[in-house]
1. Residues of the stretch 26-91: accessible area per residue at 1.4 Å, in Å²?
2. Go ahead and run the numbers for FRET between LEU73 and ASN36, Cβ-Cβ distance against an R0 of 30 Å, rounding to 0.05.
3. Quick one: which residues, 5+ away or cross-chain, put their amide H under 5 Å from the amide H of PHE47? H built at 1.01 Å from N.
4. Which order, highest average first, do 72-84, 56-68 follow once you tally other Cβ atoms within 10 Å for each residue and take the mean per peptide?
5. For the stretch 26-91, state what percent of all Cα-Cα pairs lands in each successive 10 Å bin, counting from 0 Å until the bin that includes the largest distance.
6. Among ILE88, ILE58, ASN78, pick out the residue whose Cα is farthest towards the positive end of the charge dipole of the stretch 26-91, where Lys and Arg carry +1 and Asp and Glu carry -1 on C-beta, about the Cα centre.
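The values are calculated or read from the model by the stated rules, or taken from the named source; none is laboratory data. Fair warning: this is a prediction, and the values are worked out from it, not measured in the lab. Counting neighbours? That spans all protein chains shown, and the Cβs are built from the backbone with ideal geometry, glycine included. Calculation scope for accessible area: heavy atoms of the full protein, side chains included, ligands and nucleic acids excluded. Shrake-Rupley method; radii C 1.70, N 1.55, O 1.52, S 1.80 Å.
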Amino acid sequence: AENTGLWISCAWLTLPSVPFRCEKDVDECASEPCMNGGFCINYVNSFECVCDINFSGIYCQMDVSDFYVYLFLGLWQNLFQLVSYLIIRLDDEPEIEWGLHVDD
């Protein structure tokens, strides 16, 4: 077999008539499987899509841009509840007068 630079690994077989079998690597990124501006990385017999921050999934097919809005609002709500709780708890303490009282 002529080596064209596309040969990858050989799987050794036990058959005496076929000592080994080599396969060519297929560029899975040639079909542009990544959607929504995702960047395709070709591996041996597989590929990976590197997605923009607003997209997720194997092919960058899921729009998750709203997820960050809901996450921010949820964190803001929890922070607001914590501050409100602390203000209410501080207000519940008995009031102490620090002024000096002079009995007449």
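1. Normalised by residue count, the accessible surface of the stretch 26-91 is 81 Å².
2. According to the calculation, E is roughly 0.80.
3. The list, which skips near neighbours in sequence, is empty: none.
4. In decreasing order of mean packing, 72-84, 56-68 become 56-68, 72-84.
5. Pairs per bin, as whole percents: 21, 27, 18, 14, 11, 7, 2.
6. Of the candidates, ILE88 comes out farthest on the positive side.
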